[in-house]
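Here the structure comes first, spelled out in structure tokens, and everything after it is commentary.
The values are calculated or read from the model by the stated rules, or taken from the named source; none is laboratory data. As the structure is a computational prediction, the values presented were derived from the model and not from experiment. So basically every Cβ, Gly included, is an ideal-geometry build from the backbone, and we count neighbours across all protein chains shown.
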Amino acid sequence: MRAVLFDLDGTLMDHDAARDAAIAGLLADEPALAEEWRRLESVHYDEYAAGRCSFKEQRRRRVRGIHVAMERDAPDDAACDAWFAGYLERYRAGWAAFDDVLPALAALVEALPDARLGVVTNGEGGPQRAKLAAIGLTDRFPVFVASAEVGMRKPDADIFLHACERLGVAPERAAHVGDRLDLDAQGAAGAGLRGVWLDRGGAGGAPDGIARIGGLRELTAVVTA
């Protein structure tokens with residue numbers, strides 16, 4: 001194995017914790033509304049990632065959706081942007097790496113000292129780079145691939161092949177690890193990489209050809225097997 005690629009949100013950075021902390025204050029800590037916000041994020045961010053709406057529009061759709069859930073009138077675009085700005089300020093304050101990231105990277109470098117590391121993420125380059133910087137990991141990853149910057153997205157094979165090309169390794173000598181079975185592990189496997197599913201929630205049931213780990217501390221054993 002000559003290279004290991006990582007997803008960002010849910011893999012290196014604890015997006016869920018930051019999101020849930022940010023939304024709690026805005027929604028008066030209402031569990032049902034927080035769950036609806038999570039659902040809206042999943043639906044509309046995937047719409048953006050699939051190219052069916054703009055980055056800004058997916059944010060506005062989420063804001064309109066939560067206002068409907070609160071039985072309020074849907075705000076106009078300017079009001080949506082202002083509301084999301086308040087959420088974003090709180091969200092950024094919660095950016096942090098998972099506890100297992102630094103130990104896992106140290107173990108990986110020790111086991112594979114010549115391996116190169118990279119990030120492959122669906123999203124806009126600026127915000128995603130800001131997350132990596134905020135959690136102190138920018139210098140760990142010489143290659144950073146954001147879907148909006150390269151015109152490709154996970155799970156399409158092209159984005160993984162592009163990352164491998166930038167790293168200077170053949171796909172079969174690379175692995176990609178991420179928390180989404182479909183976008184990350186299966187997408188990478190379809191491109192010829194070793195697909196590793198980071199199943200932090202313990203869902204289980206990885207299909208044939210996909211390596212499943214419950215945390216990043218298990219990663220080195222998988223990629224050196």
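Side notes on the structure shown:
- When the test is whether a residue is of a type in the set (A, V, I, L, M), assigned by TED's automatic domain parsing to the domain that holds Glu110 and either more than 30 Å from Arg166 (Cα to Cα) or touching a residue at least 60 places away in the same chain (Cβ under 8 Å) (or both), Leu88 does not pass it.
To keep it simple, each residue is scored yes or no on (1) touching a Leu at 6+ places or on another chain (Cβ under 8 Å); (2) farther than 22 Å from Glu218 by Cβ; (3) touching a residue at least 40 places away in the same chain (Cβ under 8 Å).
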position: Lys131; (1), (2), (3): yes, yes, yes
position: Leu137; (1), (2), (3): yes, no, yes
position: Ser147; (1), (2), (3): no, yes, yes
position: Arg153; (1), (2), (3): no, yes, yes
position: Ala157; (1), (2), (3): no, yes, no
position: Arg166; (1), (2), (3): no, yes, yes
position: Asp179; (1), (2), (3): yes, no, yes
position: Gly187; (1), (2), (3): no, no, no
position: Val196; (1), (2), (3): yes, no, no
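- Counting only residues that are crowded, with 16+ Cβ neighbours inside 10 Å, among the basic types (Lys, Arg) and under 19 Å from the mean Cα position of the chain (by Cα), the range 72-117 holds 1 of them.
- Test: Glu36 is without any contact (Cβ under 8 Å) to a residue 24 or more places away in the chain and of a type outside the set (S, T, N, Q): no
- Taking (1) among the polar types (S, T, N, Q); (2) modelled with pLDDT of 95 or more; (3) surrounded by fewer than 17 Cβ atoms within 10 Å (Cβ to Cβ) in turn, Ser54 satisfies each apart from (2).
- Boolean, Asp100 is charged (D, E, K, R), in contact (Cβ under 8 Å) with a residue 60 or more places away in the chain, assigned by TED's automatic domain parsing to the domain that holds Arg200 and farther than 26 Å from Ser147 by Cα: no
- Hits in the range 172-223 - residues which are farther than 18 Å from Gly118 by Cβ and among the polar types (S, T, N, Q): Gln186
- Selected residue (criterion: nearest to Val177 (Cα to Cα)) from residues of the range 201-222 that are of a type outside the set (Gly, Ala, Ser), assigned to a loop (DSSP other than H, G, I, E, B) and in contact with a Leu (Cβ under 9 Å, 6 or more places away or on another chain): Ile210
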